[in-house]
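Chemist: Mind looking over this structure? Questions follow.
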Amino acid sequence: MKKIICLTLLSLLGLLTIDSYTQTDITYQEPPGAITKLVKAPQTPAVAANPDGTWMVLLDRPGYPSIEELAQPEMKLAGLRINPRTNGSSRSYNYTNITFKNILNGREIKVSGLPEDPRIENISWSPDGKNIAFTLTLPQGIELWVANVENGSAKQLTEPMVNDAMGGRPYSWLDNGKTLVYKSVPDNRKEKPIEPLAPKGPVVQESTGEKAPVRTYQDLLQNPYDEDLFTYYTTAQIIKVDIESGEKTPLGEKGIYDDIMPSPDGKYLFVLKIKKPYSYIVPYYRFAQEALILNQQGNIIRQIADIPVSENIPKGFGAVREGPRRFTWRNDQPATIYWIEARDGGDPAKEAEIRDKAFYLPAPFEGEKKDGIEFTLRFGGITWGTDQVAIADEWWWEDRRSITSLFSPGNSESKKVIFDRSFEDSYKDPGNFQTAKNSYGEEVLLMDNKSNNLYLIGTGASPEGNRPFVREYNLKTGKTKELFRSEAPWYEYPYQIIDLEQKLVLTRRESSEQPPNYYLRNLKKDKLTQLTDFPHPYPELSGIEKQVVFYQRKDSVQLKGDLYLPADYKEADGPLPVIMWAYPAEFKSSDAAGQVQGSPYEFIRLGWWSPLYFLTQGYAVFDDPSMPIIGEGDEEPNDSFRDQLVMNAEAAIDKLDEMGVGDPNRVAIGGHSYGAFMTANLLAHSDLFAAGIARSGAYNRTLTPFGFQSEERTYWDAPEVYYTMSPFMHADKIDEPLLMIHGEADNNSGTFPMQSERMFAAMKGLGGNARLVMLPHESHGYRAEESILHMLWEMNEWLEKYVKNSDSSE
């Protein structure tokens, strides 16, 4: 087998020297009017409730940005993408207007005082629920603002000097909403470094025998000039600002701060400060760091950890670096810092009774660290409550195990398992414990002290589909009681419990015909009050319903898919051309693979990713048909990837043929990312489809040699698997038309644009029927309106030529 692989690779290297591609100069095109209208439809506002559930904020969303906006300058540094003009993220999302709405009485207040055409980002409620903070992005920089919920007035707190280069929220609340700390571009910062005309020498990296099995990251540092640029744009000064007076106080020294977390009492800051040496093989979050505690003046009072660059983390899911990690304040205490340390060297391949252990240190942060609870699996998270009650989560990849435990933070020996299940088993998912703000303004477990109840909200997966729920969990008996469950023909998701005594729950309710809107549900009185009345965003799709179709593949694994038919379709119309849009998923259990996901009562959602636009063009759309890849026991799912993939596809086509709605000779297969990889494999190893559409995919797994998707093994562990699964190695077998679309600036790990370019080169050299479309400035997900419309035009042209109008008798 190894000889075959080597010979094949050598022959393909020769093939790929061919550069006689047919170039086509083309301007941006638009699909048929019905599709264009759907793409340009107004977007439904986003919603966020304040901590006590008395107010919600409605955030107007703009349409897709223009290609001109996307083409702004961009620095790609250490896994970050930075707009040098604003010193913020180059690919952030924004809102255009803010409206406050009182949940209890319906009163609305539109925020005033904003500039014209604002670009609003990074919105968060103050802990006391009386204000929101947000940033405004201007052409020359980013400003920090606040708005008051009572009068709707907005106020600018800073000049356009906020440093948002690291992504995430560049500020945090302090003093229960009275002040903010934010990252600022340093005063009197010099001009950016000038790139030298000639380098001082070569770039040299060296391996000294220590394993460093890193995955394929994009946008990494490549030379000393990149290091200078990274330092220049990410260096920030921490500043505290009073939201009433606007008074500003610099805290500590300037530096590269990856994380800034105020203690619950506001007297301390925990910071992660990045330092040199940097790395050319991992992103910024694995650079060397210091974990520090600062006082109110910004002075360092304790170094919690000095963390070296993390290039040598062991391979495998569940692998972590050694030393302190996952730092967090204990939310129910004034100032106690917690963190986790691996007890197994961070290596999942090592046998160990204890994988992780928590440690903590209370203010004034003197003396030795104190022992916390231990974890038999890998640490997942802690939800704090009181000194007697907290929740801990842990997990393990190999057997897909998930454990939730109850423990007393004041007693490290008190841990008690309350849920132990496979995280693949959605039917047994207990939901998430709910939280509420405490006197510090921090999230802690929502608890009824009279009844000793905690509260859970979950998606409620079931054989009937997802049926979201609210449940109470009794701390004494360990039993749960259901308080609410979504009922057909509605899909209603509990968003937040806002009044425990009155049992008032904020929910989001929708149906196959009614768009999502927010409601106040009184569980005591079984009363429902509508809060928002967002209109149907796609009236052109009214009458189209989702039909959940169940079927099984030939080895009896249960499958399902969501079938959509054109609104005017009648049985007498006969079978339609079909677009099947899918994404494979790995499982260790056939039972888990066959579980029902989603709900037949969810409203249709459109986005750039959706195939549902083609309902307007006379196609049946089979969306998200099950594509499970199962490996039970000692077998790994990918050991039989190709065979299972073909079985899944055969079963889907047979079902649509049996129903009489799909023409089995006019079916297109398509997908994005791993779905594109699936598409190329199905065309190479079956004759089931008339054509394929593959967007932003990877096709040669030897280019991701240290693992991909859910595959832990390296290329050298399982070369046959990598070879067999790579459609690039079997491009000579693809005799159906394949449309490939890829963003030129794709930054997703593994899906380098080169993957599509090399796949197209292979098919071109072998005489295959292929078209490659590279979208300028687009990343892994597409954003510009022009790009999305052109993508849909390309897809429509491909489907019309090779699917709808193909000879179904062939």
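The values are calculated or read from the model by the stated rules, or taken from the named source; none is laboratory data. The shown structure was predicted, so the numbers you read here are calculated from the model rather than taken from an experiment. Positions of Cβ are generated from backbone atoms using ideal geometry, with glycine treated the same way; all protein chains shown enter the neighbour counts. Ligands, DNA and RNA are stripped out before the accessible areas are found, and what is left, the full protein with its side chains, is counted by its heavy atoms. Shrake-Rupley method; radii C 1.70, N 1.55, O 1.52, S 1.80 Å.
Chemist: Per residue, how large is the accessible surface of segment 160-255? Use a 1.4 angstrom probe and give square angstrom.
Modeler: Per-residue accessible area for segment 160-255 comes out at 59 Å².
Chemist: Please report the carbon-and-sulfur percent of the accessible area for segment 696-810; probe 1.4 Å, protein heavy atoms only, DNA, RNA and ligands left out.
Modeler: The computed percentage sits at 45.
Chemist: Lys pairs in segment 210-360, Cα-Cα under 27 Å, at least 8 apart or on separate chains: how many?
Modeler: Step by step, the pairs that qualify in segment 210-360 add up to 28.
Chemist: Something else about it: Take the Cα atoms of segment 177-312, build their convex hull, and give its volume per residue in Å³.
Modeler: Looking at segment 177-312, the number lands at 148 Å³ per residue.
Chemist: Can you work out ³J(HN,Hα) from phi for every residue in segment 325-330, in order, using Karplus 6.51 cos²θ - 1.76 cosθ + 1.60 and θ = phi - 60°, giving whole Hz and x for Gly and Pro?
Modeler: 7, 6, 6, 7, 6, 7
Chemist: Aspartates and glutamates near residue 178 by alpha-carbon distance under 15 Å, same-chain residues fewer than 8 away left out - which ones?
Modeler: 128, 242, 244, 247, 265, 442
Chemist: I would also like to ask the following. Can you check what the Kirkwood hydrodynamic radius comes to for segment 45-197, Cα pairs only, in Å to one decimal?
Modeler: Computed over segment 45-197, the radius equals 16.6 Å.
Chemist: Using label points projected 7 Å from each Cα along Cα→Cβ, tell me how many nm separate residue 540 and residue 178, to one decimal.
Modeler: Result for the modelled spin labels: 5.5 nm.
Chemist: Could you list which residues have their amide H under 5 Å from that of residue 381, counting only those 5 or more apart in sequence or on another chain, with H placed in the peptide plane?
Modeler: The answer is 393.
Chemist: Hey, another quick one. Using only Cα atoms, figure out Rg for segment 314-441 and give it as a multiple of 2.2 N^0.38 Å.
Modeler: Normalised by 2.2 N^0.38 Å, the Cα Rg of segment 314-441 equals 1.08.
Chemist: Could you work out how far the C-alpha centroid of segment 378-435 sits from that of segment 514-589, in angstrom?
Modeler: With segment 378-435 and segment 514-589 each reduced to a Cα centre, they are spaced 32 Å.
Chemist: For segment 466-546, calculate the relative contact order in percent as a whole number, restricting contacts to Cα pairs under 8 Å that are 6 or more residues apart.
Modeler: With pairs under 8 Å counted, the relative contact order is 19 percent.
Chemist: Relative contact order (percent) for the chain, with alpha-carbon contacts under 8 angstrom and 6 or more residues of separation?
Modeler: 9 percent.
Chemist: Starting from the Cα of residue 290, step 7 Å along the direction of its Cβ; do the same at residue 275; then give the gap between the two resulting points in nm.
Modeler: In this crude label model, residue 290 to residue 275 measures out at 0.4 nm.
Chemist: Please give the per residue accessible area of segment 510-568, computed with a probe of 1.4 Å over protein heavy atoms only, in Å².
Modeler: I get 50 Å² per residue for segment 510-568.
Chemist: Put +1 on the Cβ of each Lys and Arg and -1 on the Cβ of each Asp and Glu in segment 547-644; which of 627, 590, 614 then has its Cα farthest toward the positive end of the dipole?
Modeler: Result: 614.
Chemist: Treat each spin label as a single point 7 Å out from the Cα along the C-beta direction, and report the residue 207 to residue 368 distance in nm.
Modeler: 4.0 nm
Chemist: What is the local net charge at residue 456, summed over the other residues whose Cβ is closer than 15 Å to its Cβ (Lys, Arg +1; Asp, Glu -1)?
Modeler: Taking every other residue near residue 456 into account, the sum is +3.
Chemist: Quick check: net charge around residue 430, other residues with Cβ under 9 Å of its Cβ, Lys/Arg +1 and Asp/Glu -1?
Modeler: +2
Chemist: Taking residue 546 as the anchor, which lysines have their alpha carbon closer than 30 Å to its alpha carbon, excluding any fewer than eight residues away along the same chain?
Modeler: Hits, sequence-local ones excluded: 37, 40, 428, 527, 554, 560, 570, 588, 655, 801, 804.
Chemist: Assuming R0 = 25 Å, can you tell me the calculated FRET efficiency for the pair residue 191 and residue 249, based on Cβ-Cβ distance, to the nearest 0.05?
Modeler: Using R0 = 25 Å, I get an efficiency of 0.35.
Chemist: Here's something else I'd like to know. Give, as a single signed number, the net charge of other residues whose beta carbon lies under 14 Å from the beta carbon of residue 358, with Lys and Arg counted +1 and Asp and Glu -1.
Modeler: Summing Lys/Arg as +1 and Asp/Glu as -1 gives +3.
Chemist: Using helices alone, what [θ] at 222 nm do you get for the chain, with -39,500 (n - 2.57) per DSSP H run of 4 or more residues, divided over all residues and rounded to the nearest 500?
Modeler: -4000 deg cm²/dmol
Chemist: Tell me, what ³J(HN,Hα) does each residue in segment 59-75 have, in order and in whole Hz, if you take phi through Karplus 6.51 cos²θ - 1.76 cosθ + 1.60 with θ = phi - 60° and put x for Gly and Pro?
Modeler: 10, 6, 10, x, x, 5, x, 7, 5, 5, 5, 5, 8, 4, x, 8, 9
Chemist: Just to confirm the filter: which chymotrypsin sites (Phe, Trp or Tyr not before Pro) across segment 340-418 are DSSP coil and have at most 10 other Cβ within 10 angstrom of their Cβ?
Modeler: none
Chemist: Let me ask you something else. Please name whichever of 756, 455, 243 sits farthest to the positive end of the charge dipole of the chain, dipole taken about the Cα centre and charges placed at Cβ: Lys and Arg +1, Asp and Glu -1.
Modeler: Farthest along the dipole direction, towards plus: 243.
Chemist: I'd like the Karplus ³J(HN,Hα) series for segment 142-152: coefficients 6.51, -1.76, 1.60, θ = phi - 60°, whole numbers in Hz, and an x wherever there's a Gly or Pro.
Modeler: 10, 10, 9, 10, 9, 9, 8, 6, 6, 10, x
Chemist: Right, another one. Under 18 Å between alpha carbons, and skipping anything fewer than 8 positions from residue 76 in its own chain: which lysines qualify?
Modeler: Once the sequence-local lysines are set aside, what remains near residue 76 is 192.
Chemist: Is the shape of the chain best called rounded, prolate or oblate, per the rule: a/c under 1.5 gives rounded, else a/b larger than b/c gives prolate, else oblate, with a ≥ b ≥ c the square roots of the Cα gyration tensor eigenvalues?
Modeler: Rounded.
Chemist: Along the positive direction of the dipole of segment 673-803 (beta-carbon charges: Lys, Arg +1; Asp, Glu -1; about the Cα centre), which of 673, 739, 700 reaches farthest?
Modeler: 700
Chemist: As an exercise, use a Förster radius of 22 Å and the Cβ-Cβ distance of residue 632 and residue 714 to find the FRET efficiency, rounded to the nearest 0.05.
Modeler: Computed FRET efficiency for residue 632 and residue 714 comes out at 0.45.
Chemist: Next up: Would you mind working out the magnitude of the charge dipole of the chain relative to its Cα centre, with +1 at each Lys and Arg C-beta and -1 at each Asp and Glu C-beta, to the nearest 20 Debye?
Modeler: That gives a dipole near 1740 debye.
Chemist: Compute the Cα gyration tensor for segment 715-810, then decide on rounded, prolate or oblate, letting a ≥ b ≥ c be the square roots of its eigenvalues: rounded whenever a/c is under 1.5, prolate when a/b is larger than b/c in the other cases, and oblate in all that remain.
Modeler: Oblate, since a/c reaches 1.5 and b/c is not below a/b.
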